[in-house]
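Asker: Before anything else, here's the structure in question.
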């Protein structure tokens, strides 16, 4: 009789352990989903190219919030790409300086939970597009 009682207790413990593990797994997964839906910032990603269309590595990109005049400076990588994450939703003036670049400015709108893609060219021909990121 004692062997049968231990078997029933072990099955009960296994069931409790399984339920506990399932509960913990759900707790870990659900907050990640909730956080992703409560985004309060956006970002600007882009590429700096010269007037001939060649990428400009090491360019200094200045992003100015048009409402507050706060500035953030980022540097383009070896492929001319740059990223400015965690920006408040607003309109930003984007300008780039670097070797062989002419001065120009482009306005980019940052939306909550989205990325704004920018191809910055010195002749003012910057192309803009909004890309949803979920």
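The values are calculated or read from the model by the stated rules, or taken from the named source; none is laboratory data. On a predicted model such as this, the values are computed, not experimentally measured, just so you know. In this analysis, Cβ positions are derived from the backbone assuming ideal geometry, glycine residues included, and neighbour counts consider all displayed protein chains.
Asker: Sort out which residues of the stretch 34-78 are surrounded by fewer than 19 Cβ atoms within 10 Å (Cβ to Cβ), touching a strand residue (DSSP E or B) at 6+ places or on another chain (Cβ under 6 Å) and assigned to a loop (DSSP other than H, G, I, E, B), and write them in order of number.
Answerer: Hits for the stretch 34-78 are 41, 66, 67.
Asker: Here is a further query. Only one residue in 118, 79, 127 is over 17 Å from the mean Cα position of the chain (by Cα) and modelled with pLDDT under 80, so which one is that? Working first, answer last.
Answerer: Numbers: 118 fails: over 17 Å from the mean Cα position of the chain (by Cα); 79 fails: modelled with pLDDT under 80.
Only one candidate qualifies: 127.
Asker: Considering each residue of the stretch 86-115, count those that are modelled with pLDDT under 85, over 16 Å from residue 59 (Cα atoms) and outside any strand (DSSP E or B), and give that number. Explain how you work it out, then say what you get.
Answerer: At the first step, the residues of the stretch 86-115 found to be modelled with pLDDT under 85 are 99-104, 112-115.
Of the ones still in play, those that are also over 16 Å from residue 59 (Cα atoms) are 112-115.
Filter once more, keeping what is outside any strand (DSSP E or B): 112-113.
So the count comes out to 2.
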